[in-house]
1. Hey, could you check the stretch A:133-144 for residues that are touching a Ser or Thr at 6+ places or on another chain (Cβ under 8 Å) and not in a loop (DSSP other than H, G, I, E, B) and say which is least open to solvent (accessible area, probe 1.4 Å)?
2. Please verify whether the stretch A:178-188 includes one or more residues that are modelled with pLDDT of 95 or more, more than 14 Å from chain B (Cβ to nearest Cβ) and on the phi < 0 side of the Ramachandran plot.
3. Just a yes or no: is a residue in the stretch A:205-226 in a helix (DSSP H, G or I), away from DNA strand C (no atom under 12 Å from the Cβ) and among the charged types (D, E, K, R)?
4. Is there any pair with a first residue in the stretch A:188-215 that is loosely packed, with under 11 Cβ neighbours inside 10 Å and a second that is assigned to a helix (DSSP H, G or I) and at pLDDT 95 or above whose Cβ atoms are under 7 Å apart and which are 6 or more apart or on different chains, and what are they?
5. Restricting attention to the stretch B:66-115, which residues are part of a helix (DSSP H, G or I) and not hydrophobic (A, V, I, L, M, F, W, C)?
6. Just give me the residues in the stretch B:44-59 being within 14 Å of chain A (Cβ to nearest Cβ) and surrounded by fewer than 18 Cβ atoms within 10 Å (Cβ to Cβ), in sequence order.
7. Of the numbered conditions (1) more than 9 Å from DNA strand C (Cβ to nearest atom); (2) outside the structural domain of B:GLN141 (by TED's automatic domain parsing); (3) assigned to a helix (DSSP H, G or I); (4) free of Cβ contacts under 8 Å to residues at least 60 places away in the same chain, B:SER179 satisfies every one except a single condition; which is it?
8. For the stretch A:18-43, enumerate the residues that are within 14 Å of the chain's Cα centre (by Cα), crowded, with 18+ Cβ neighbours inside 10 Å and farther than 19 Å from A:VAL112 by Cα.
2 protein chains.
Amino acid sequence: MSHKWVPNLSVDCVIFGFDADQLKVLLVERTLRTTDKKNIVFSDLSLTGYHIYEDEDLDSAAARIVKDLTGLDKLVLEQFYTFGSLDRLEHPNDKLWHEQFGDVFSHRVVTVGYFSLLPSTKVKIAQKDRVVRWYSVNEVQNMAFDHNQILEKALFHLRYKLQHDAIGLELLPDKFTLSQMQRLYEAVLGTSFDKRNFRKKVAQMNFVVPLKEKQHGVPHKPAQLYMFSRDIFMRTRKERPYFI
Amino acid sequence: MSHKWVPNLSVDCVIFGFDADQLKVLLVERTLRTTDKKNIVFSDLSLTGYHIYEDEDLDSAAARIVKDLTGLDKLVLEQFYTFGSLDRLEHPNDKLWHEQFGDVFSHRVVTVGYFSLLPSTKVKIAQKDRVVRWYSVNEVQNMAFDHNQILEKALFHLRYKLQHDAIGLELLPDKFTLSQMQRLYEAVLGTSFDKRNFRKKVAQMNFVVPLKEKQHGVPHKPAQLYMFSRDIFMRTRKERPYFI
DNA sequence: TCAGTTATTGTATTTGTTACACTAATTATA
DNA sequence: TATAATTAGTGTAACAAATACAATAACTGA
């Protein structure tokens, strides 16, 4: 792998997680200090991204970036949109940030957005020189560059996919209860569902398979555990669910 | 507008049309001749695309490319995917083609795919130095570069959109009959619908509005004409049609 | 005027969606 | 050890949407 990167092409990854009944996103703190390092000029949040290398395709760049932040391989990773406005790196804080790096970032940069899904508990954050943390998607604002916009678009796609695909199940742990699954859908879509009707729907999804196991240690009736069979899903998905 | 183009970033446009009950795509002939211009080395088909300029955003580049080919402005134009494999310009004919231009195309190029929809009769093709023609999407094969793959993905997105959006109506002329509309949906989706049930569906789409006008000059019962009101559609679309 | 062609319309059946409330199993606490 | 607290789990009736299906109407060309 060459480490010559392409100056005007980057990949940004929106890493979604789910935890405590909330949809989360993994973000990095961006803090600009005065040259004597004593004071903070500003501090905000950013997605994780980087330029692509000259001999690297887009999917590999996204996988590299996600692995670099989470230590994890083989996550679901999906391209959702490419951002190329001329003013995408032109907000006041971003200009200050650029100045710190001289003209390295003075080129026009187009970035390809990917999103990744995982249960947020799977990530062991171990970053030396960066502050990385899960944020509830509802509490995030004032992000670096055009990252608010990228997150917005990623969320839109996630909601869309959730309704037409089983991809949302990637956000749940390996073993989950139907109540957890329902709360996931409710959190992401911002609605609420009737418990019985939700379960009737799930019962038709043959890729959500009951395990021979129940919760334990909970102070109430323990729930049946289920798993997501990617295998059954791939084999039985219908190709084109027409709406008309 | 600067005319310095970015060497490793391009936009490719898939221009869809509809005509004679078939989904069409507007393609350009790519013919490589021997240096004495007497013989043809090969000839194949290509989408229309070009590098972006340094001070041009992606949507503008796509609009420029579509206008250049069709002479038309203000068409529906939608980004659908970005292609960045390392081998996307590496098929045998493509290498021969590159050699003709020296090393201008020797960089690695990532391309952003857009698609555009219009009734194919709207285009007056008037290209001096290029052969441009509508092809039925079913008859197209052996395209330049990775354009088969780009077309495939565009088609997938078009089918997807057709089912969740009114965008397909952009392929019909300003005044159309319900039979034309049905044949459009059948051609794009590759299915057939019951006429009465199809019309019941359309009756619920308040953005498909009947005109005070009928067909004339047809050798059979003349059909009622309808129009697509983009305005009503925008005002009445529901934000999130949940599936669960 | 009649043959050919496409347009237009309704109903019964099946399928899916919604609304709704009680009992069961576990832990914590009195 | 009984009881309170908490979440899990389940069925049915009403309503809405999707499907299957065939006869009559309006025009042109021969």
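The values are calculated or read from the model by the stated rules, or taken from the named source; none is laboratory data. Computed from a predicted model, the values in this text were never measured in an experiment. Cβ sites come from the backbone with ideal geometry, for glycine too, and all protein chains shown count toward neighbours. Note: areas computed on protein heavy atoms with side chains; ligands, DNA, RNA excluded. Shrake-Rupley method; radii C 1.70, N 1.55, O 1.52, S 1.80 Å.
1. Selected residue: A:MET143.
2. yes
3. Start the filter on the stretch A:205-226 by keeping residues that are in a helix (DSSP H, G or I), which leaves none.
The answer is no; no qualifying residue exists.
4. From residues that are loosely packed, with under 11 Cβ neighbours inside 10 Å, there are no pairs.
5. B:LYS67, B:ASP68, B:THR70, B:PRO92, B:ASN93, B:ASP94, B:LYS95, B:HIS98, B:GLU99, B:GLN100
6. Of everything in the stretch B:44-59, those that are within 14 Å of chain A (Cβ to nearest Cβ) and surrounded by fewer than 18 Cβ atoms within 10 Å (Cβ to Cβ) turn out to be B:GLU54, B:ASP55, B:ASP59.
7. (1)
8. Of everything in the stretch A:18-43, those that are within 14 Å of the chain's Cα centre (by Cα), crowded, with 18+ Cβ neighbours inside 10 Å and farther than 19 Å from A:VAL112 by Cα turn out to be A:PHE18, A:GLN22, A:LEU23, A:LYS24.
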